[in-house]
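Accompanying notes for the structure given below.
The values are calculated or read from the model by the stated rules, or taken from the named source; none is laboratory data. Remember, predicted model here, so these are calculated numbers, not experimental data. Cβ: placed from backbone, ideal geometry, glycine included. Neighbour counts: every protein chain shown.
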Amino acid sequence: MPEKIEKTIIIGSGPAGLTAGIYLGRAKQKPLLIEGRQPGGQLTTTTKVENWPGDKEIQGFKLMMNMKEHAKNSGCEIISDTVTKIDLSKKPYTVFTKSEKELKAESIIIATGATHKKLGIPGEEEYWSKGVSVCATCDAPFFQDKNVIIVGGGDSAVTEAEHLRNFAKKVTIIHILEELTATDPIKDKILEDPKVEIIYNSTLTKIEGDGEKATKVEIEHQKTNDKKTLETDGVFIAIGMKPNTEFLKDQIELDEYGYIILKEKTSTSKEGVFAAGDVHDYVYKQAITASGFGCMAALDCQKYLGKK
Ligand SMILES: Cc1cc2nc3c(=O)[nH]c(=O)nc-3n(C[C@H](O)[C@H](O)[C@H](O)COP(=O)(O)OP(=O)(O)OC[C@H]3O[C@@H](n4cnc5c(N)ncnc54)[C@H](O)[C@@H]3O)c2cc1C
């Protein structure tokens, strides 16, 4: 039997991958989507989403299951598997999966997103999305007139502080070093704002709560090892993200942090390989922008297949 060659394999089932699936499915391209370890992507780990147009409020999990159903109904085949490696040295391209499949494809859309780095401390998982957040753009309005803590001292931390200081009563930044490492000019505004307190040389060791939401944290001074407890309404972890691109090593161009480098529009350094969402976009990092990129990658991919 001749080897089956997929027109497009989409890797990842977050907003970027599923939107690409909807577009290519509706265009009768019969895309195959490999959903990975986190079906539905990052949004399935949150509770309320209030910035998805058309839904004033929707649970993240529900939104993503709606999107998955939509992609399937549009003609996108979805399989539960994880990509371990891809070979782009010759066409058709080969996609290797954890369940030892070797799939061939004329084109690929990479939508594997990024993972927020976590602190790995007690209480972090328990209060995830119950006061513990990684996205001030998404969650700042929930903290109107509240006290919040930001963990970190780089550009992500000052950007989170910039969002939060417009809502919160007080913002406390806990930073492990002696001074902020952020280079973003926002840093100066943060340093001058009397609403923002910065506690240097300190790190979080514990998050505690009342079972429903986070209410306090324990911090430890790096030099004296002194510990103290701070009351809080929210904890924003801003210690960076890691793009999910390990399986792409030596196959396409990545930047120094591992994000995919886009060439023209959504094209990568390999012909017929496109990228969409947080896997290349370290600036906007929103569901709507990931979906937008998914749409763009699908249209670019369709054009590429049409030219072939
Ligand atoms: C707690 C939290 C709350 C958030 N709240 C909001 C919000 O309210 N509003 C908003 O707009 N944004 C929010 N965001 C941000 C938003 O979730 C992301 O910007 C968006 O999900 C990015 O979409 P994506 O499709 O690029 O990637 P992701 O959602 O990260 O999805 C990546 C997908 O790739 C798959 N994958 C990874 N590696 C592999 C592999 N090797 N093989 C196969 N598949 C793989 C995963 O299983 C997953 O399905 C939030 C994020 C978090 C973490």
- prompt: Is it fair to say Gly123 is more than 11 Å from the ligand (Cβ to nearest atom), crowded, with 18+ Cβ neighbours inside 10 Å and more than 19 Å from Lys4 (Cβ to Cβ)?
  reply: yes
query: Could you list, in sequence order, the residues of the range 99-120 that are part of a strand (DSSP E or B) and either under 17 Å from the mean Cα position of the chain (by Cα) or within 9 Å of the ligand (Cβ to nearest atom) (or both)?
result: Ile109, Ile110, Ala114, Thr115, His116
message: Can you find, within the range 67-93, the residue that is farthest from the ligand (Cβ to nearest atom) among those that are farther than 16 Å from Gly12 by Cα and surrounded by 14 or more Cβ atoms within 10 Å (Cβ to Cβ)?
response: Lys91
message: Looking at the structure I just gave you, is Lys90 among the basic types (Lys, Arg), out of contact with any Leu (no Cβ under 6 Å at 6 or more places or on another chain) and without any contact (Cβ under 8 Å) to a residue 24 or more places away in the chain?
response: yes
query: Which is over 25 Å from the mean Cα position of the chain (by Cα), in a strand (DSSP E or B) and of a type in the set (A, V, I, L, M), of Ile150, Ile198?
result: Ile198
task: Pick out the one residue from Gly40, Gly60 that is on the phi > 0 side of the Ramachandran plot and near the ligand (Cβ under 9 Å from one of its atoms).
output: Gly40
- prompt: Name the residues in the range 128-147 that are part of a loop (DSSP other than H, G, I, E, B) and small (Gly, Ala, Ser), would you?
  reply: Ser129, Gly131
field: Cross-chain or 6+ apart pairs with Cβ under 6 Å, the range 61-74 first and modelled with pLDDT under 95, then of a type in the set (Val, Ile, Thr) and not in a helix (DSSP H, G or I)
entry: none
- prompt: Restricted to the range 276-302, and to residues that are under 21 Å from Lys249 (Cβ atoms), within 7 Å of the ligand (Cβ to nearest atom) and not aliphatic (A, V, I, L, M), which residue is surrounded by the most Cβ atoms within 10 Å (Cβ to Cβ)?
  reply: Gly277
